[in-house]
1. What about ASP307, is it assigned to a helix (DSSP H, G or I) and at pLDDT 85 or above?
2. Identify all residues within region 142-178 that are part of a helix (DSSP H, G or I), more than 37 Å from the chain's Cα centre (by Cα) and at pLDDT below 80; write none if there are none.
3. Test SER112 against the criterion of being at negative phi, of a type in the set (Ser, Thr, Tyr) and in a strand (DSSP E or B), and give yes or no.
4. Give region 54-63 a look and list any residue that's at pLDDT below 80, loosely packed, with under 15 Cβ neighbours inside 10 Å and under 34 Å from the mean Cα position of the chain (by Cα), or say none.
5. So which residues in region 293-309 are of a type outside the set (D, E, K, R) and free of Cβ contacts under 8 Å to residues at least 12 places away in the same chain, if there are any at all?
6. Is it true that TYR277 is farther than 22 Å from SER181 by Cα and either in a helix (DSSP H, G or I) or touching a residue at least 60 places away in the same chain (Cβ under 8 Å) (or both)?
7. Restricting to region 220-272, and then to whatever is polar (S, T, N, Q) and not in a helix (DSSP H, G or I), can you tell me which residue is farthest from the chain's Cα centre (by Cα)?
Amino acid sequence: MKQPKIQIPSCGRRKIVTLPNKSHHVIQEPDRKREATFNQKVFDLSLSLSQSRINDATELRCIVLGLDGSIKESETRGTRDDLAKEWGLDGRDLRNVDLVSEGIPHLLVRPSVIFISMFTLRLLVRAHGVLLFLLPLEDCHVKVQDVFMTDLQRRLRPGPGSGIIAKLPYELRVVDAALASVIATLEAEHILIRREVEDSLRDSTREDVVYSVLRGLQDHRTRLVAIQQRARQFRSALREILENDDDMATMFLTDRQAGQPHAVEDHREVEYLLGAYYKNTDAIAESATALLGDLERTTETIQSILDVRRNQILVFEAQLEICMLGFAVSTFVAGLFGMNVANFFEESTSAFIILVLACVMGTVTIAKYGLWKLNKFRKLRF
């Protein structure tokens, strides 16, 4: 005889059925509209950016600097195609020069020009001049251009303390000023944030401001991560040039223009220059990494303290509720005798004392039993 098949119910996860809720749809509808609006803005901006990348006729605002670092032309406009032809570049080399975002830093070396793109600082360097691109920066961006302009004039004008910088050709002094301005900006941001972090770490021992300190540490961590990332990107750009002997030898534009190009292995000044900034950038990145480690450890400690406090509050609430439970049971028993029902206790002179003592004993017994169970549960290890 054929045995009937027995269907065993599945032990998988049950589907959670969400009942329609009118208020739920009311709350979610603005979110959908906001998301649709954001997606439309992303599409429009992406379309405009993609069109601008393939349009070499886009005008760029620039400043031309002379041999002494002064402004030779306050503002000039030109298309990417015209500037690329004038300065000996391919149109693709300037494809991302007008990006408002900081982008990835890099140095592009060509036989007659050096293109420097370091975050918001972008310029073309030749043996007899500099073209500085003006970007529509927001107020939140650190204006490295202003630091570069001030430092460039000091480096190009010989004076006391110039040292070995005065012996470098014009283009290398411009590169030195550009790298120095970027390093100085990174180091200044790192020093200021480090001071704020140290103040927050000192305040972390105070119990009255532990919540505000935790919020401050999260903000400091975000800014430190940004500095660390920029320092590493800058270090990678320098490493890429240091690993290319041909590019370092080609950076002597003045000698090449004079008909004395350097051999591939003849680039000691450039190597020393880039190597010094590479070490400075590496120090900033490592310092930011170490400071981030201190922040994370302090944040974990504060969160552990807050977790302990939260658990203490929960235990106190449980203890209070257990005591209230015992009191409620005793009060309920006492309330039964307060009803207008004959209970043969009305004529007893000691009934009140007995009832009060019984209620107190019942409250204490229930509370002690509940607290004992609570302590037993707290001792468990999961």
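1. Details: assigned to a helix (DSSP H, G or I): yes; at pLDDT 85 or above: no.
Taking the combined requirement at face value, the residue does not satisfy it.
2. Matches in region 142-178: GLY163, ILE164, ALA166, LYS167.
3. No, not satisfied.
4. ILE54, ASN55, GLU59, listed by residue number.
5. Keep residues of region 293-309 that are of a type outside the set (D, E, K, R), which gives 293, 295, 298-299, 301-306, 308.
Matches in region 293-309: GLY293, SER304, VAL308.
6. no
7. The residue in question is GLN260.
Results for (1) in the same structural domain as HIS106 (by the TED database); (2) modelled with pLDDT of 80 or more; (3) surrounded by 13 or more Cβ atoms within 10 Å (Cβ to Cβ); (4) touching a Lys or Arg at 6+ places or on another chain (Cβ under 8 Å), shown as yes or no for each residue.
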residue	(1), (2), (3), (4)
GLU269	yes, yes, yes, no
LEU273	yes, yes, yes, no
ALA285	yes, yes, yes, yes
ASP294	yes, yes, yes, no
ARG297	yes, yes, no, no
PHE316	no, yes, no, no
PHE332	no, yes, no, no
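The values are calculated or read from the model by the stated rules, or taken from the named source; none is laboratory data. Treat the numbers as computed from the prediction; the structure is a model and nothing was measured. As a convention, Cβ positions derive from the backbone with ideal geometry for all residues, glycine included, and neighbour counts pool all protein chains shown.
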